[in-house]
Amino acid sequence: MPSHPPPDCSVIIVGGGPCGLMLANELGRRGVAAVLIDDKPATAFNPQANATQARTMEHFRRLGFADEVRSAGLPPEYPTDIVYYTRFAKYELARFPLPSSREARARAAANSGGWSAAELPHRVSQKFVEAILWKHAAALPSVSLFYGWRMTAFVDRGSHVEVEAESVADGARTSIRGAYLVGADGPRSAIRRQLGFNYAGRTGVAREFMGGRMYAIYVCAPEFYRVVPHKPGWMNVTINRDRRALMAAVDGRGEFAFHTQLRADEEESRVSEADAAAMVRAAIGAPIALEILSRDTWTAGHALVADGFQRGRVFLGGDAAHLFTPTGGLGYNTAVEDAVNLGWKLAAVIKRQAPPNLLDTYSIERRPLAVRNTGYAQTFADSLGLFQPAPEIEDDTPQGAAARLEAGTYLNAHARAEFNIPGITFGGRYDGSPVIVADGTAPPPDTVNTYVPSACPGGRAPHLWLGQGRSLYDAFGFEWTLLRLGGRAPESAGFARATTGLGLDLTVLDLPGDEARELYGADLALIRPDQIVAWRGNDGAAAEAVLRQVVGFDVLEIASLHPQ
Ligand SMILES: Cc1cc2nc3c(=O)[nH]c(=O)nc-3n(C[C@H](O)[C@H](O)[C@H](O)COP(=O)(O)OP(=O)(O)OC[C@H]3O[C@@H](n4cnc5c(N)ncnc54)[C@H](O)[C@@H]3O)c2cc1C
């Protein structure tokens with residue numbers, strides 16, 4: 001491994017969080033030369049995000065490491081219940097039972113309808129996911145990962161971009177030249193600021209919980225499992241009138257990601273290690289031994305989206321482009337989907353399979369999704385953070401019991417709304433995108449907790465088990481897939497000719513059964529590399545026109561159709 005980042009590449013990625021690392025994987029799998037720099041010494045030490053949504057797991061499966069991710073974090077038999085207590089060692093108020101990773105594998109194979117998918121959600125700390133993303137990206141010959149390097153400046157020359165970087169360790173300097181630059185550099189993105197884009201939306205929302213200055217404590221407390229008399233859960237939340245907190249299990253043996261909201265009179269810079277330990281003990285409600293591994297502050301109450309995702313050869317993705325309140329677990333997952341969307345498009349343009357204006361569709365498609373998802377996260381934060389339990393909730397009296405019953409009823413409903421979200425995770429759509437061939441049908445309504453599989457172009461390809469545990473998603477090609485559905489599907493020769501002409505890689509898949517034909521509502525369906533239905537129809541005669549449209553040819557001045 002050379003000591004300095006290479007001077008030339010196709011794509012420079014600044015930021016090695018989930019967005020940057022996922023993009024490195026997408027580009028590297030397509031043989032595109034990518035250089036990633038990140039100013040941290042290595043991937044995250046702190047747990048960060050806790051939930052990997054099913055759609056993200058489908059993308060990890062496509063890249064071949066979903067099983068590895070599902071094996072990371074909690075032990076295979078550890079339940080991923082969401083549990084609400086007054087304090088962890090006191091009264092349990094509500095519980096939403098969810099499967100362990102071992103059970104999730106089996107349950108996915110049996111699911112149908114809205115949860116028909118090869119993968120279910122996985123509860124795992126982001127730090128473990130990042131390490132896996134890093135390992136797979138590092139193994140790709142066209143990818144160079146340089147942690148400990150900070151971008152200090154960049155310039156878009158029109159024909160290429162130049163990035164100045166310095167080593168955090170010794171101040172050594174270097175320049176990197178690339179065809180494109182992606183700012184996956186997190187919420188304080190210097191790239192977003194230099195591009196002149198601002199976050200827009202809601203910020204500074206005040207709530208009793210999840211709306212204000214938060215204090216994060218990464219803590220090791222194996223005694224938790226001894227002093228808490230309840231069945232273990234993955235996400236443990238306290239509801240009382242003293243201090244509210246959540247504590248997500250990280251390794252199932254004693255590590256937790258603890259978050260509480262600072263009171264108005266608490267100054268973050270004055271919180272000592274002893275104060276931090278007292279916050280954790282107050283939430284547990286028992287005096288246990290614990291070790292603080294790290295502490296940090298962050299702010300809850302944002303639902304922000306940058307007013308632009310691209311200028312010239314420079315793109316924004318992940319938290320650099322949108323900032324969530326973490327209820328619903330959508331920030332990192334939205335960041336991953338940004339990378340998926342941008343990855344195949346950059347590769348297609350760099351390989352000259354698609355015109356540069358395909359890249360304009362990145363913000364056309366992803367920005368509305370960021371607005372949608374930050375909005376959903378905000379409704380969950382309101383539902384949890386504005387809930388006020390009765391003052392007697394901790395009392396050992398009939399009034400206290402009544403208060404707990406009332407809170408439990410509310411929280412049971414809240415948990416099922418926030419943590420059973422196939423509608424959000426599978427229902428994101430790119431309607432109106434100029435590279436989606438609309439067929440005049442209406443998509444199902446966008447709802448949080450219900451997902452209606454639909455092959456209406458612009459949405460996720462409906463999932464189907466093919467028998468013997470094989471998922472349709474495993475049969476898709478890595479790039480484009482043409483499904484021939486039912487017994488009377490027309491020939492695919494036109495599509496094969498057109499893809500060859502454009503230099504695209506097409507897998508043709510025959511699904512002769514009635515179930516598949518009915519699910520897709522057409523004899524033919526064209527699936528994009530990101531598993532989105534690009535087109536469906538009963539006649540292959542328009543193959544060339546369809547393919548030219550879905551990669552951005554013949555769609556002139558795309559950006560002017562959707563001004564930022
Ligand atoms: C308490 C909490 C809980 C959360 N829970 C969830 C959850 O359950 N599910 C979920 O989906 N999301 C959750 N999130 C959000 C999630 O952690 C973020 O959305 C995610 O990390 C965004 O990834 P990213 O790659 O865009 O940015 P980041 O992870 O922020 O990575 C950006 C990287 O860029 C680097 N960088 C910045 N500037 C430079 C520079 N000039 N040069 C070089 N490197 C630079 C930074 O060091 C950093 O490593 C949570 C967040 C918090 C705070």
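The values are calculated or read from the model by the stated rules, or taken from the named source; none is laboratory data. The model shown is predicted, which means the values in this text are computed figures rather than measured ones. When we count neighbours, we look across all protein chains shown, and the Cβ atoms used for this are built from the backbone with ideal geometry, even at glycine. Areas reflect the complete protein model, heavy atoms only, side chains present, ligands, DNA and RNA absent. Shrake-Rupley method; radii C 1.70, N 1.55, O 1.52, S 1.80 Å.
Counting heavy atoms of the protein chains alone, residue 90 has an accessible area of about 100 Å² for a 1.4 Å probe.
Average accessible surface for the chain: 38 Å² per residue, computed with a 1.4 Å probe over protein heavy atoms with every protein chain in place. Evaluated on segment 394-552, the Kirkwood hydrodynamic radius is 17.7 Å, with distances taken between all distinct Cα atoms.
For trypsin sites (Lys or Arg not before Pro), the sites in segment 325-410 that DSSP calls loop and that have at most 16 other Cβ atoms within 10 Å are 351, 352. Lysine pair count for the chain with Cα-Cα distance under 22 Å and sequence separation of 8 or more or different chains is 4. Taking all protein chains together and rolling a 1.4 Å probe, residue 220 ends up with roughly 30 Å² accessible.
The DSSP beta bridges internal to the chain are antiparallel in roughly 70% of cases. Taking a ≥ b ≥ c as the square roots of the Cα gyration tensor eigenvalues, with a/c under 1.5 meaning rounded and otherwise prolate when a/b beats b/c, else oblate, which class fits segment 4-107? Cα axes put segment 4-107 in the prolate bin.
When 484, 70, 311 are compared by accessible area of protein heavy atoms, the largest-first order is 311, 484, 70, using a 1.4 Å probe. Between the Cα long axis of helix 331-350 and the first principal axis of the chain there is an angle of about 20°, rounded to the nearest 10. Taking the alpha-carbon centroid of each part, what is the distance from segment 283-350 to segment 46-110 in angstrom? If you average the Cα positions of each part, the centres end up 19 Å apart.
Principal axis extents of the Cα atoms in segment 286-391, from largest to smallest and rounded to whole angstrom, are 63, 32, 18. Here the accessible area is traced with a 1.4 Å probe on the protein chains. For segment 340-485, carbon and sulfur cover 55 percent of it. When its C-alpha radius of gyration is set against 2.2 N^0.38 Å (N residues), the chain gives a value of 0.99. For segment 1-86, the set of GluC sites (Glu not before Pro) satisfying both a DSSP loop assignment and a count of at most 12 other C-beta atoms within 10 Å is given as 77. When only alpha carbons are used to place a centre, segment 380-458 and segment 191-214 end up 22 Å from one another. Per residue, the convex hull spanned by the alpha carbons of segment 232-340 comes to 159 Å³.
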